[in-house]
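Peer 1: First the structure, then my questions, so here it is.
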Amino acid sequence: MMTNFKERLKTYGLNKVLSYMDSNYEHNIPKALDWLERFDKEGQYAGAYKTVREVMAVPEKCFFRS
């Protein structure tokens, strides 16, 4: 029973992040990173979050900006 709940919660969370990316992704990527960092209690992906934030801070490096 609890496993089913956890799986549904994970699925909901992932769908929410993906919906952020479909809408205003430039504005929502930092929000999604904040959300992911909160759940990464062990800091396993801290380097990745930092890199994404650094790339987004420099417009010339962003793949989604023209």
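The values are calculated or read from the model by the stated rules, or taken from the named source; none is laboratory data. Everything numeric in this text was worked out from a predicted model, so none of it was measured. Surface areas here come from the heavy atoms of the whole protein model, side chains and all, with no ligands, DNA or RNA. Shrake-Rupley method; radii C 1.70, N 1.55, O 1.52, S 1.80 Å.
Peer 1: Consider G13 carefully, then state whether it is at pLDDT 85 or above and open to solvent by less than 70 Å² (accessible area, probe 1.4 Å). Talk me through it step by step, then tell me what you get.
Peer 2: Working: at pLDDT 85 or above: no; open to solvent by less than 70 Å² (accessible area, probe 1.4 Å): yes.
Answer is no for this residue.
Peer 1: Filter the stretch 22-45 for residues that are at pLDDT 85 or above and over 12 Å from the mean Cα position of the chain (by Cα); which is least open to solvent (accessible area, probe 1.4 Å)?
Peer 2: Across the stretch 22-45, the extreme among qualifying residues is G43.
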